[in-house]
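Heads up, the thing below is written out as structure tokens.
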Ligand SMILES: O=c1ccn([C@@H]2O[C@H](COP(=O)(O)OP(=O)(O)O[C@H]3O[C@H](CO)[C@@H](O)[C@H](O)[C@H]3O)[C@@H](O)[C@H]2O)c(=O)[nH]1
């Protein structure tokens, strides 16, 4: 009898750093810890980032790049968009990649499963044509999905309440949300428009997929995972936190040989001086207007705490604010305007607090390296993530807005007060203790025998079983498609 074919999984990340990075962490787990054959699908401009992350050469044949539609000024990653108002147009344009994707599938043999980002809903149709199970990769947590399902089923945002009135979530009555926890147009009484259509398509395609791969771990949010598995399809497979997947030796060796970036040297100095540092970063997409940047700079200056602030904006106005701040705080602060290795920063011993927009990857990275969070949500599902961080799992505090609204302006005082509380106060101590406990739980979940480790093995075994029962999907039996 012929020995069984090893699994071959195709990963297709969405072109946004917050979506691509966790799927690449999954790639590391599958490749280097489970020895599974992988093919990565991406676009031409994103190929080097993917190759670099996996320690591969840029021309590695296991990366297939498809031409990206030219609709958005040649931009192929959301962090390069001039404005996030172009997001839906960008995300919808990916549909034009479908014929090229199917042509690539036609050339591949023995694909066990496709794991594609939930924003790439159209990949389900392609997977179905080729008889390959598709799993939707969901880089968010299950709390947001479960609360969102309750909000939708009970039409909680359609009532007369004002945008800041607390509304009880019936399925989880200890949770109270506001209309302001949802952004335009999701907060409307009758939401309509292209972004609603886009999200609805993504949800429907996920519901009709073989499974949902979740970057979370069971012990973090059992109630919400159980709820989703009871009330909704498909099955949720929690295999995270994926950021704990160790880099391959090639990447580690490369990092060891590189000169340390100046901010890492600065962190070493702070450690030597026994100074705790607060790390301030708002992910790869958040847009912060200049008045708000000015208040952040004042608040950090007045807090007297050492800080490392990663600023994405690169215009002249921002440069002036940053230069002035650097002059005023001197060695106490470090401002970085480049891409950093955030995990390296969070794992540095001097970093004791994290002012974060609560993108889900940042929250998980805070948990894994046991750094409590000062939650300052900006966009997308981050307001709900902030509720989870502060009210549900209690690993962080929240910045104070000047009008008490969750979307209100944050003045220097509101930031300063909460930075000091997180770094030096009693509430800060409580959340630090909690993040240490949960961080230990995250490590256990990912270690051999832990819940996420077992779930990933079960998923791979199950997919192998499906392939064996379906038989080989050799090119001759596959869909016959040509790009238009
Ligand atoms: O200079 C940088 C900036 C970011 N990162 C990494 O980039 C990722 C950013 O992800 P995240 O913290 O989730 O923020 P966003 O980029 O804003 O993520 C988008 O995607 C997330 C996952 O779906 C959502 O939770 C967010 O709301 C959405 O904005 C993290 O792994 C960071 O470590 C770096 O390594 N260096």
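Annotations
- Using a Förster distance of 25 Å, the FRET efficiency for residue 454-residue 349 (Cβ separation, nearest 0.05): 0.20
- With the Kirkwood sum run over all distinct C-alpha pairs, region 259-441 has a hydrodynamic radius of 16.2 Å.
- Kirkwood hydrodynamic radius of region 271-325, from inverse mean 1/r over distinct Cα pairs, in Å: 12.2
- Full-extension gain in nm, residue 337 to residue 437, via 0.36 nm per residue minus C-alpha separation: 32.7 nm
- Spin-label pair residue 84-residue 37: with each label point 7 Å from Cα along the Cα-Cβ axis, the two points sit 4.1 nm from one another.
- Computed across region 57-207, the Kirkwood radius stands at 18.0 Å (inverse of mean 1/r, all Cα pairs).
- By the Cα gyration tensor, region 95-167 has an equivalent ellipsoid whose semi-axes, rounded to whole angstrom, run 38, 13, 9 from largest to smallest.
- Whole-number percent relative contact order across region 161-268, with pairs defined as alpha carbons under 8 Å at least 6 apart: 16
- Cα centroids of region 296-358 and region 33-52: 32 Å apart.
- Relative contact order (%) - region 259-441, alpha-carbon pairs under 8 angstrom, separation at least six: 24
- Per-residue ellipticity at 222 nm, computed for the chain from helices alone with -39500 (n - 2.57) per DSSP H run of at least four residues, works out to -12500 deg cm²/dmol.
- When the convex hull of its Cα atoms is projected in every direction, mean area for region 63-119 (nm²): 4.6
- The modelled label-to-label distance for the pair residue 275/residue 447, using points 7 Å beyond Cα in the direction of Cβ, is 3.5 nm.
- Inter-site label distance for residue 106 and residue 430 at 7 Å from Cα along Cβ, in nm: 6.2
- Taking every alpha-carbon pair in the chain and binning the separations at 20 Å intervals from zero gives 23, 57, 19, 1 percent.
- Antiparallel content of DSSP bridges confined to the chain, in %, to 5: 5
- Considered as an equivalent ellipsoid built on the Cα gyration tensor, region 1-42 has semi-axes of 25, 11, 5 Å, the largest given first.
- What the Cα atoms of region 1-92 give is an Rg and a Dmax of 15.1, 58 Å.
- Residue 403/residue 462 FRET efficiency (R0 41 Å; Cβ-Cβ; nearest 0.05): 0.25
- Percentage relative contact order, the chain, counting C-alpha pairs under 8 Å, at least six apart: 16
- In this structure, residue 158 and residue 59 have a Cβ-Cβ separation that, at R0 = 60 Å, corresponds to a calculated FRET efficiency of about 0.65.
Since every read-out is calculated from the coordinates, none of them should be taken as a lab result. Since this is a predicted model, take the numbers as computed values, not measurements. Cβ: placed from backbone, ideal geometry, glycine included. Neighbour counts: every protein chain shown.
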